[in-house]
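J.: One structure is given below, represented as structure tokens, and several questions about it will come after.
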Amino acid sequence: MYKRVKKLNLNTSDKAHGKLLIKNLFTSLLINGKVKTTEKKAKELKRYAQAKISKFLNKIAKGEPIYRKTWLQQNILGSNAGYKKAINNLKALNKEFKITIHRIGFRAGDGATLYEVELINSDTKENE
């Protein structure tokens, strides 16, 4: 039976632009822990980040030390300072992490609904 492969659906004229947009949002999410964006981008970012981070954590759990550096070079855009912040945020995560989406209001310029995508370690929230 045919099963459709889910692809990015951001209504961009160029597919490469849509992929790079999601990759930029993913980089910001790993470095800062949260990102403000529109609903469609937030849903795509959540799906993308869930897959990438869970694969990363599985590889690290198996004990592949070189994988961390190559994964960062492939999936994170930016400088070495960004790598260090992203590594610290990823070290804090465990396999029960969550990516949540919350509606936070409207954008001032065009009135688009803004959402906040947040990376949460589920153990830390339960202990608080």
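Quick note: the coordinates plus some simple rules give every number you see, no bench work behind them. What you are looking at is a predicted structure, and each value in this text was computed from that prediction instead of being measured. When we count neighbours, we look across all protein chains shown, and the Cβ atoms used for this are built from the backbone with ideal geometry, even at glycine.
J.: For segment 1-46, which trypsin sites (Lys or Arg not before Pro) pass both filters: DSSP loop (anything but H, G, I, E, B) and at most 13 other C-beta atoms within 10 Å? Let's see the in-between values first.
T.: On the way: sites: 3, 4, 6, 7, 15, 19, 23, 34, 36, 40, 41, 43, 46; in loops: 3, 4, 6, 7.
The qualifying sites are 3, 4, 6, 7.
J.: Right, something else. Taking the structure as given and computing P(r) over Cα pairs in 5 Å bins from 0, in percent, which label from (i) 2, 10, 18, 21, 20, 15, 9, 4, 1, 0; (ii) 2, 12, 23, 24, 19, 11, 7, 3, 1; (iii) 2, 12, 23, 25, 22, 12, 4, 1, 0 fits?
T.: (i)
J.: Let me ask something else. Convert each backbone phi in segment 44-59 into a coupling constant with the Karplus relation 6.51 cos²θ - 1.76 cosθ + 1.60 (shift: θ = phi - 60°), then list the ³J(HN,Hα) values in order as whole Hz, x for Gly and Pro.
T.: Values, residue by residue: 5, 5, 4, 5, 5, 5, 4, 5, 5, 5, 5, 5, 4, 5, 5, 5 Hz.
J.: Still on this structure: Around residue 62, with a cut-off of 13 angstrom between Cβ atoms, what is the net charge of the other residues, counting Lys and Arg +1 and Asp and Glu -1?
T.: Residues close to residue 62 contribute a combined charge of +3.
J.: Still on this model: In nm, to one decimal, how far is the modelled label at residue 50 from the one at residue 6, with both set 7 Å along Cα→Cβ?
T.: Reported label-point gap for residue 50 and residue 6 is 0.6 nm.
J.: Turning to a different aspect of this structure: Once phi is turned into ³J(HN,Hα) by the Karplus curve 6.51 cos²θ - 1.76 cosθ + 1.60 with θ = phi - 60°, what whole-Hz value does each residue of segment 105-118 show in order, with x for glycine and proline?
T.: For segment 105-118, the Karplus-derived couplings read x, 10, 6, 5, x, 10, x, 5, 6, 9, 10, 10, 9, 10 Hz, x marking Gly and Pro.
J.: Another one. How far is helix 80-92 tilted, in degrees, relative to the longest principal axis of the Cα atoms in the chain, given as a value from 0 to 90 rounded to the nearest 10?
T.: 70 degrees
J.: Moving on. Once you list every other residue whose beta carbon is under 15 Å from the beta carbon of residue 103, what net charge do they have if Lys and Arg are +1 and Asp and Glu are -1?
T.: Its environment carries a net charge of +4.
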